[in-house]
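Comments concern the structure below.
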Amino acid sequence: MGLLTEGSPLSWEETKFLADHVRQHGVVQFINLYKRLRDRQGDVLKWGDEVEYMLVKFDHEKKVARVSLRASDVLNVLQEKEVKNPHGVKSLWRPEYGAYMVEGTPGKPYGGLLAHFNIVEANMKYRREEVVRLLNPGEVVMSLTSFPRLGCRDFTDPPAVPTPENGSSCSLFFPDEAIYPGHPRFKTLTRNIRQRRGSKVAINLPIFRDKKTPNPFVENLKALGDDGESTEAALPDHVYMDAMGFGMGCCCLQLTFQACNINEARTLYDQLTPLCPIMLALTAASPLHRGYVTDVDCRWNVISCSVDCRTKEERGEVPLKQNKFRIPKSRYDSIDSYLSPQGEKYNDVPLIYDKAIYEQLRDADIDHLLAQHIAHLFIRDSVSLFSEKVNQDDEQDTDHFENIQSTNWQTMRFKPPPPNSPIGWRVEFRPCEVQITDFENAAIVCFVVLLTRVILSYQLNFIIPISKVDENMKRAQKRDALSKEEFYFRKDITTCVSPPAATSCCQASDCSDVYTPMTVDQIINGKADEFPGLIPLINSYLSGMDVDADTHCTIQQYLKLIQRRASGDLQTTASWIRQFVRSHPDYRYDSVVSERINYDLLTQIHGIQTGEIPCPELLGTCLQSKTQESIPAAVEKAEAMNGECC
Ligand code: ADP
Ligand code: MG
Ligand code: MG
Ligand code: MG
Ligand code: MG
């Protein structure tokens, strides 16, 4: 998303009326784009990360921590440099859903040199420092997946009061002031999703049952102004949330890769798909929601439910009358189909799509897999439309396509080249939770990028049936999934790389001999005589490369962190947070995260992030990279000459 252009949002009624218009033109725009760009070749690996941050305000006297609703002010200054010099900045800043959130990316994508791994963390640090310079006394910037007391009384600075009877969310807990005010997109999405659904969104997370948690755990929502809707939607023994902000107000870590052509992009999309739940479990960082300890470790389900615009008919609660389809998943969820020929026979989940759109795409000479993917995205209505964008030139513009594409928030995103740009076919990897320190975030980023190189060089194959990836997504979010769960993973990742022949390793009807349950430790570190492990594969790949000493050291530190997290030697962020709360002197074993616990937890996390507080349980004692601001000229030259591109 570029700098968001201002515009006038249409009402939900107007947007709904134009749903078919957006779809029809969106599909034509995709077809035109595809015709222009299908044969685009020779793009090189480029990649970049996106880190989302929260602004938090401490009141050290009262010992409370709140989200600071100053993102818009801060962002205006952060973006000044880019406005003056769009191509010469070291970082780019974008708004995010929360009025307390900002998103930062590197100014330019990284390239294929191994030495680039050594500047990722320094760039993350630089970004953080840029924000820090703009903060008021008591404010800090944190890469925190979920704010523990989001939606509790007075969780914002300045204070704001929820308005259950009106506004965008109509939430009992989340005031509209906590939604980013600088662009109408966010409030419009909130209102339209709620209106399309026909009720507020409903998020129910199982509560973490502790020694003194009320049994059953049921809240009096009427006392907060509920007219009955929330009381009905809230499940007993669950933490109930009723607004888009609870999900979209979480922070995450994303990665985008450019492929050399459309086919490589399909391969990466498919091969990274089975890794999504594994990386979700490995990066789990959000056990606390709305002031309670929950029984899950990740944000994924929260965010999925937080934008679930499906009607009762679409959810299958009443017979279809007005709507066209029963839709099994929210528009924010894991992907439903593979895109490459290797993936085709593992598409074992019935795909809902519009037959007419599918035929239109097929008639335009788009293959079955891509056509069904696009037709599946297009089962959704537009949930945000601006008057300036209604009428477009379908030969040149892609806004209607992007309108639907960018509100299908899935684990992976297949990104076509933007019009009139030097950018190629890309895929985005979207499951990861953001970690406390730049070191950890850089480690995750470098691990995933290296994995893409290994996948392509060794022609690895991770594909398992989509239904098993779905099952893995469920397991990944459970409490302590990393140590307690097993995940379906492909047994033999070195075979079956070429498009399936008659003698292929599995038949469409039965792929059960292809995968086996494994722990994250086994997947990452290997299992004797049975599975090589992702880190050993990366190391074997790296051993054939000539890499400068500093970069080598940095990469090894990152891989060690991943290895030790996977093995359970180091804690996940989620289990560390859970343990901190449960061992806090104020904790009453009732699953409640009090103001004081919240304050102490966030001060501790901030200290860990700055390095002032050591945290060997999370980071080990000796893990430190040699990250630097820029690549020494000699290293860059040597790598480029030796062709040491990863
Ligand atoms: P979105 O929010 O739609 O995912 P952003 O613009 O926020 O997109 O982030 C895009 C990411 O892609 C950034 O990390 C950026 O560095 C990276 N990027 C930019 N250009 C390219 C490119 N040509 N190839 C791969 N990645 C790119
Ligand atoms: Mg972004
Ligand atoms: Mg985005
Ligand atoms: Mg974002
Ligand atoms: Mg993104």
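The values are calculated or read from the model by the stated rules, or taken from the named source; none is laboratory data. Keep in mind the model is a prediction, meaning the values are calculated, not measured. Every residue, glycine among them, receives a Cβ derived from its backbone with ideal geometry; neighbour counts consider all protein chains shown. Accessible surface is based on the protein model in full, side chains and every heavy atom, while ligands, DNA and RNA are left aside. Shrake-Rupley method; radii C 1.70, N 1.55, O 1.52, S 1.80 Å.
Could you tell me how far the Cα centroid of the range 69-104 sits from the Cα centroid of the range 425-448, in Å? About 20 Å separates the Cα centre of the range 425-448 from the one of the range 69-104. With Cα atoms defining each centre, the range 7-41 and the range 599-639 are spaced 43 Å apart in the structure. Potential lengthening of the chain between V83 and H60 amounts to 4.7 nm, from the contour at 0.36 nm per residue minus the alpha-carbon distance. The dipole here belongs to the range 153-272: it is taken about the Cα centre, uses +1 on the Cβ of Lys and Arg and -1 on the Cβ of Asp and Glu, and is about 220 debye.
Place the peptides 45-56, 11-22, 435-446, 560-571 in order of packing, highest mean first, counting for every residue the other Cβ atoms within 10 Å and averaging per peptide.
435-446, 45-56, 560-571, 11-22
Given a 1.4 Å probe and every protein chain left where it sits, what share in percent of the accessible area of the chain is carbon and sulfur?
Details: 12330 of 24620 Å².
Answer for the chain: carbon and sulfur cover 50 percent of the accessible area.
Think of the range 429-479 as having a plus end and a minus end, set by charges on the Cβ of Lys, Arg, Asp and Glu; of V454, V469, T437, V469 sits farthest toward the positive end of this dipole. Distance from the Cα centre of the range 284-358 to that of the range 143-160, in angstrom? Comparing the Cα centres of the range 284-358 and the range 143-160, I get a distance of 27 Å.
What FRET efficiency, computed as 1/(1 + (r/R0)^6) with R0 = 22 Å and r the Cβ-Cβ distance, is obtained for L235 and K212, rounded to the nearest 0.05? Numbers along the way, then the final one.
Working: r = 20 Å, r/R0 = 0.93.
For L235 and K212, the calculated efficiency is 0.60.
Specify whether the C-alpha gyration tensor of the range 21-178 places it in the rounded, prolate or oblate class, a ≥ b ≥ c being the square roots of the eigenvalues: rounded for a/c under 1.5, otherwise prolate if a/b is larger than b/c and oblate if not. Oblate.
How much of the calculated P(r) for the chain lies past 41 Å, in percent of all Cα pairs? Show your work: numbers first, answer last.
Values: 47568 of 208335 pairs.
Roughly 23 percent, rounded to a whole number.
Could you work out the relative contact order of the range 313-410? I mean the mean sequence separation of Cα pairs under 8 Å and 6+ apart, divided by the number of residues, in percent.
Details: 89 pairs, mean separation 26.4, N = 98.
So the answer I get is 27 percent.
Computed from backbone phi, the HN-Hα couplings of the range 543-557 come to 5, x, 10, 9, 10, 5, 4, 5, 5, 4, 4, 4, 4, 5, 5 Hz, rounded to whole numbers (Karplus: 6.51 cos²θ - 1.76 cosθ + 1.60, θ = phi - 60°; Gly and Pro given as x). Computed from label points 7 Å out along Cα-Cβ, the spacing between E636 and R362 is 5.1 nm.
Since only T273, T188, I119 are under comparison, the one whose Cα sits farthest along the positive direction of the charge dipole of the chain, derived from C-beta charges on Lys, Arg, Asp and Glu, is T188.
Where the only charges are on Cβ atoms (+1 Lys, Arg; -1 Asp, Glu), what is the dipole of the chain about its Cα centre, to the nearest 20 debye?
Details: 73 positive and 87 negative charges, 125 e Å.
Using Cβ point charges on Lys, Arg, Asp and Glu, the chain gives about 600 debye.
Based on protein heavy atoms only, the chain ends up with 38 Å² per residue of surface accessible to a 1.4 Å probe.
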